[in-house]
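First up is the structure itself, then whatever we jot down about it.
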Amino acid sequence: MLNNLTNHIKKFVKLDEADEELINQAVTIKSVKKKTFLLQPDHICRELYFVSKGCLRLYFINKKLNEQITQFAIENWWMSDHGSLESGKPSSYYIQAVENSEVISISKLKLEELFEKAPQLERYFRIVQQRAFTASQKRIEYIYSMSDEERYRHFSSLFPDFIQRIPQYMLASYLGFTPQFMSKIRAKKV
């Protein structure tokens, strides 16, 4: 499982054996059963999670008391509540396993130590964060510029395998509409 992480890092920066050993010593491997929480509101987020296998979701409960999913993470994606992680303040989010998952976690403290010992890892995390930020910007653009149906069709064309993996009510939450509307859209599909 650690090879998944180091292989992902090597796509962006060079690592030697000593760097790989530093990474392996800094991280923790966790097997997480479906529906298990890695973070809940009012707790401080202290780790970043790399998904080696499975799927996680990040969500909050909105004013209508509905789950509002803001992010998914599948294989080779990172997830955290960065606001809580950076500020040390309690989170308002949940991080939950959508499937039985295997994650590699690293604490903020261990990550900072790694940056000191292997500075190229700062570059790796900068690239990963830039890509995640760009994806978030595009998602916001799609929410404001596309109809619900256009958003669903666009997402399903980009991620057809992912659509099959997650429950439809979760996808509806992520895309910003109700499960009932999702059913209507899917019924139109020829």
Of everything in the range 92-108, what is open to solvent by 50 Å² or more (accessible area, probe 1.4 Å) and acidic (Asp, Glu)? Give them in sequence order.
Glu102
If you go through Thr36, Thr6, the only one that is of a type in the set (Ser, Thr, Tyr) and over 16 Å from the mean Cα position of the chain (by Cα) is Thr6
How about the range 1-91: which strands (runs of 3 or more DSSP E) wholly inside it have at least 1 residues that are of a type in the set (Ser, Thr, Tyr) and open to solvent by 50 Å² or more (accessible area, probe 1.4 Å)?
28-32
Does the range 124-174 hold any residues that are closer than 30 Å to Ala18 by Cβ and surrounded by fewer than 15 Cβ atoms within 10 Å (Cβ to Cβ), and which are they?
Arg126, Ile127, Gln129, Gln130, Arg131
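Among the residues of the range 139-157, are any of a type outside the set (A, V, I, L, M) and in contact (Cβ under 8 Å) with a residue 60 or more places away in the chain?
For the range 139-157, residues of a type outside the set (A, V, I, L, M) and in contact (Cβ under 8 Å) with a residue 60 or more places away in the chain: absent.
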Hits in the range 147-172 - residues which are closer than 22 Å to Asn76 by Cβ and among the aromatic types (Phe, Trp, Tyr):
Phe155, Phe159, Phe162
Tell me which residues, restricted to the range 162-180, are within 18 Å of Lys34 (Cα to Cα) and not in a helix (DSSP H, G or I).
Ile166, Pro167
Kindly indicate which of Asn24, Asn3, Asn66, Asn76 is free of Cβ contacts under 8 Å to residues at least 12 places away in the same chain and of a type outside the set (D, E, K, R).
Asn3
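The values are calculated or read from the model by the stated rules, or taken from the named source; none is laboratory data. Only a predicted model underlies this, so the values are computations on that prediction, with no experimental measurement involved. Quick reminder, even Gly has a Cβ in these numbers, built from the backbone with ideal geometry, and neighbours come from all protein chains shown. Heads up: the accessible areas ignore ligands, DNA and RNA and are worked out on the full protein's heavy atoms, side chains in. Shrake-Rupley method; radii C 1.70, N 1.55, O 1.52, S 1.80 Å.
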